[in-house]
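Only one structure is covered here, and it is reproduced in the block below.
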Amino acid sequence: MVGPQYDLVGNPLGAVRATFERTAAAATAESGGSDPVAAFRGKDWGACELFRSFLFEEDGLDKVPVLNASNLGLIKPNTLVRYRGMVQDMLGNEYYIGAFKDGSTWRTNKFTDFSPFSMPHPCDSHLWERHLFHCLPAPGQNSWTLESSPGPDVRRLSSYLAPELREKRKREGDNDDMDVSENGHEGSPLLCKKPKEDGVHVSSSSTEVADGVPEMNGGDHHIPGSSFSCLVKVYDMPDSQVKLNDVIEFFGVYTFDPELATPSDNSDDIMLDLIEDVTVQLPPSKVPRLHCLVWRKLSPHDFISRPPVVEPSPSILKGIRQSLLSHLTLVLGNDELAAQCLLLHLLSRLRNRVDVVTVGRLSLNFTGFNRESASIFGNQLYSLIQKLVPYSQAIPMSIEYLNTATLQPRKDNKSGRLVTGVLQLPQGSHLTFDETLLQSGSLTSKGVENTMLLKNLMESQKVDYDFEYYKLDMATDVQLLTLSEGKSNILPSDLVVPFRPSSVPTINEGSEELESWRWYLATVRSLPQSTEPETYQMIQDEMVSAMRDDRSLGCSELSRWLTMAQIIASSFAEKSLSLEHWQMVKELERLRKQRLQ
């Protein structure tokens, strides 16, 4: 165990070096002088386990500052931070000098951008590699999710403040009102560093490089939340563990070093020579680095700060279901049928793919909306969705939007980076389309392309990514709700329900109610679904009988019925589908078709 002289939050690199040097010394004694650190390639020598134990077993989680746009530049470099973001681009691997021999002592450069020690030339060394991920705040992330990771107030932790800001606090008598510039840094001191002792001179500003950096959103104001990003460097990880658009919480060493923005041509620093060209497009003066020690993928449950219970039981889930359904009915003007269908929609998720068939999706189209009703019920509905799901966006389906918005992510081959689009989304996102804004007009070629992208998303739960010379279908899982006057021709939904409100509600949700509804939605969506063979055979017979009675029924509609029945079973916390659930779907369909006539 590292001694108490090391502060794992304020001096994580001290702990890393101490564990490495102790382990290397022990390995040297055991090996009898042969290379003791060769076995450390791609492995943890105990440092990451030390931090994992501190974070999750010793209640250290709440002591770690959260890195975000509001405190970028306030946190002292080389301290431990936590960062939540979506993997927006995977930049490949970067090689670095992981360990080298300094006299008789082995030292490590792991979890740093450059060596903290003077590296003798030549010397015994080991070339290791790390994964590079460009991360953004998850698009459409709702404000309530931030409550689950508040972290300490950085402005009050003087030991973790950047030196310039610590001095400023002393001068101003600990005044918390700091003068922070637009990019999150106080003036220019943080953008300057003294020349290194070995005589290598570097630029004190990264303006020249930064001017050539393409915007992450391609300059499109329709794409929210893309103004702050982080370059995360992950160590000792198999390639397939992290995927594009995963939302991950990283714990690691925060570095902010403008020296790396414009390395000198005559630099003899080996670490600088190994920096990937693509990272030059992400200068440290604008994009902070995080050297990851511990990471974990985030699920909807991770955003719930106060879950009502630890283990779900059918009785608890049924009670919460009734409470949520009653509230949805109120929000929708006492339209019980619409509320039932909306609940199934919110509980749906992609369960499986069989060739081009997607199993488990349930997109929803409420018809009967106009601009006036959309401004009342539509706004209230979207406001509630924002409070229930981690990620949501409202998209105005106007001619202007379709002709101007950048929906498709594309690869910029000049910079080697993926430029995000509106449809680059984390799994489980919810999109609400307002078609009441659609008026007569002409679609440009971009408008037609955007329309096809949305239709493809609706039908196959895939998004085409443009790699200039070819297009790549990326699988996704997005809940899609459309509000329109008549049945949408642009966005063909699985379920079309005429909206029939009877009153204008006054909405008021309590914080405990919202917390229980969020937990309910996250829990039910994660439950496994199954059907007993006997029940499946009875449902199959019901399907054959239904097709005999109504020749217009097709396989897609019967498949939707089965999906709805499975979601209904899960909504009651039932482990398997029963004939009762199937009958409930048939009743919903009868009421829905009555409205369509």
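The values are calculated or read from the model by the stated rules, or taken from the named source; none is laboratory data. Note that the coordinates shown come from a computational prediction; the quantities given were computed from them, not determined experimentally. Note that each Cβ is placed from the backbone with ideal geometry, even for glycine, and that neighbours are counted across all protein chains shown. To get the accessible areas, we keep the full protein, side chains included, count just its heavy atoms, and leave off ligands, DNA and RNA. Shrake-Rupley method; radii C 1.70, N 1.55, O 1.52, S 1.80 Å.
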statement: Residue pairs qualifying under the 7 Å Cβ cut-off, at least six apart or on distinct chains, with the first in the range 538-553 being without any contact (Cβ under 8 Å) to a residue 24 or more places away in the chain and the second being open to solvent by 80 Å² or more (accessible area, probe 1.4 Å) and in a helix (DSSP H, G or I), are none
message: Among (1) within 17 Å of P139 (Cα to Cα); (2) open to solvent by less than 10 Å² (accessible area, probe 1.4 Å), there is one condition F369 misses while meeting the rest; what is its number?
response: (1)
Test: residue in the range 289-298 that is open to solvent by 40 Å² or more (accessible area, probe 1.4 Å) and over 30 Å from Y254 (Cβ atoms): no
field: All strands (runs of 3 or more DSSP E) inside the range 68-138 with 2 or more residues being hydroxyl-bearing (S, T, Y)
entry: 79-102, 105-108
field: Unmet requirement for Y470, which otherwise passes all of (1) open to solvent by 60 Å² or more (accessible area, probe 1.4 Å); (2) closer than 30 Å to C341 by Cβ
entry: (2)
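Among the candidates L514, L481, single out the residue that is in contact (Cβ under 8 Å) with a residue 12 or more places away in the chain and either in contact with a helix residue (DSSP H, G or I) (Cβ under 6 Å, 6 or more places away or on another chain) or open to solvent by 10 Å² or more (accessible area, probe 1.4 Å) (or both).
On the way: L481 fails: either in contact with a helix residue (DSSP H, G or I) (Cβ under 6 Å, 6 or more places away or on another chain) or open to solvent by 10 Å² or more (accessible area, probe 1.4 Å) (or both).
Among L514, L481, only L514 is in contact (Cβ under 8 Å) with a residue 12 or more places away in the chain and either in contact with a helix residue (DSSP H, G or I) (Cβ under 6 Å, 6 or more places away or on another chain) or open to solvent by 10 Å² or more (accessible area, probe 1.4 Å) (or both).
Restricting attention to the range 565-597, which residues are in a helix (DSSP H, G or I) and of a type in the set (G, A, S)?
Quick first cut of the range 565-597, residues in a helix (DSSP H, G or I) only: 565-571, 579-596.
Of everything in the range 565-597, those that are in a helix (DSSP H, G or I) and of a type in the set (G, A, S) turn out to be A565, A569, S570, S571.
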task: For L491, state whether it is aliphatic (A, V, I, L, M), touching a Leu at 6+ places or on another chain (Cβ under 8 Å) and surrounded by fewer than 16 Cβ atoms within 10 Å (Cβ to Cβ).
output: no
- prompt: Yes or no: T420 touching a residue at least 60 places away in the same chain (Cβ under 8 Å), open to solvent by 20 Å² or more (accessible area, probe 1.4 Å) and under 30 Å from F303 (Cα atoms)?
  reply: no
statement: How many residues of the range 475-499 are among the β-branched types (V, I, T), in a loop (DSSP other than H, G, I, E, B) and within 25 Å of the chain's Cα centre (by Cα)? The answer is 1
message: Anything in the range 455-474 that is touching a residue at least 60 places away in the same chain (Cβ under 8 Å) and not in a loop (DSSP other than H, G, I, E, B)? List them, or say none.
response: M458, S460, M474
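Can you name the residue in the range 403-414 that is open to solvent by 10 Å² or more (accessible area, probe 1.4 Å) and not acidic (D, E) and, of all such residues, is farthest from F377 (Cα to Cα)? Steps first, please.
Pass one, the range 403-414, residues open to solvent by 10 Å² or more (accessible area, probe 1.4 Å): 403-404, 406, 408, 410-414.
From what is left, the residues that are not acidic (D, E) are 403-404, 406, 408, 410-411, 413-414.
Values: N403: 27, T404: 27, T406: 28, Q408: 30, R410: 35, K411: 39, N413: 44, K414: 46 Å.
Per the stated criteria, the residue is K414.
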message: Looking only at the range 517-559, filter to residues that are among the β-branched types (V, I, T) and open to solvent by 30 Å² or more (accessible area, probe 1.4 Å); which one of those is farthest from V389 (Cα to Cα)?
response: V544
field: Conditions (1) in a helix (DSSP H, G or I); (2) within 30 Å of E147 (Cβ to Cβ); (3) polar (S, T, N, Q): number failed by S559
entry: (2)
statement: Picked from the range 320-356 (must be touching a residue at least 12 places away in the same chain (Cβ under 8 Å) and either part of a strand (DSSP E or B) or within 14 Å of T482 (Cα to Cα) (or both)), the residue nearest to the chain's Cα centre (by Cα) is L346
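On the given criteria, is Q439 open to solvent by 60 Å² or more (accessible area, probe 1.4 Å) and closer than 17 Å to P139 by Cα?
So Q439 fails the test.
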query: Any idea which of (1) at pLDDT below 95; (2) surrounded by 14 or more Cβ atoms within 10 Å (Cβ to Cβ) is the one L346 doesn't satisfy?
result: (1)
- line: Within the range 86-145, residues being open to solvent by 10 Å² or more (accessible area, probe 1.4 Å), hydroxyl-bearing (S, T, Y) and over 26 Å from D239 (Cα atoms) number 4
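Of all residues being assigned to a strand (DSSP E or B) and over 14 Å from the mean Cα position of the chain (by Cα) in the range 233-259, which is surrounded by the most Cβ atoms within 10 Å (Cβ to Cβ)? Just the residue, please. Give the steps one after another, and end with the answer.
The initial filter retains those residues of the range 233-259 that are assigned to a strand (DSSP E or B), namely 233-234, 247-255.
Narrowing the set further to residues that are over 14 Å from the mean Cα position of the chain (by Cα) leaves 233-234, 251-255.
Numbers: K233: 25, V234: 21, F251: 24, G252: 27, V253: 24, Y254: 23, T255: 21.
Per the criteria, the residue is G252.
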query: What is the number of the single condition among (1) outside any loop (DSSP other than H, G, I, E, B); (2) loosely packed, with under 15 Cβ neighbours inside 10 Å; (3) among the polar types (S, T, N, Q); (4) modelled with pLDDT under 90 that T23 does not meet?
result: (2)
message: Criterion first (open to solvent by less than 10 Å² (accessible area, probe 1.4 Å) and either modelled with pLDDT under 80 or not in a helix (DSSP H, G or I) (or both)) does L317 satisfy it?
response: no
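Only residues that are of a type outside the set (A, V, I, L, M, F, W, C) and either closer than 19 Å to L495 by Cβ or modelled with pLDDT of 95 or more (or both): list them for the range 353-369, please. Working first, answer last.
Of the residues in the range 353-369, the ones of a type outside the set (A, V, I, L, M, F, W, C) are 353, 355, 358, 360-361, 363, 365, 367-368.
Across the range 353-369, the qualifying residues are T358, G360, R361, S363, N365, T367, G368.
Being surrounded by fewer than 17 Cβ atoms within 10 Å (Cβ to Cβ) and either aliphatic (A, V, I, L, M) or in a helix (DSSP H, G or I) (or both) is the filter here; which residues of the range 388-402 pass it?
Taking the range 388-402 as the starting set, the residues that turn out to be surrounded by fewer than 17 Cβ atoms within 10 Å (Cβ to Cβ) are 396, 399-400.
Within the range 388-402, I399, E400 qualify.
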query: Looking at (1) farther than 25 Å from E580 by Cβ; (2) out of contact with any helix residue (DSSP H, G or I) (no Cβ under 7 Å at 6 or more places or on another chain), can you tell me which one S530 breaks?
result: (1)
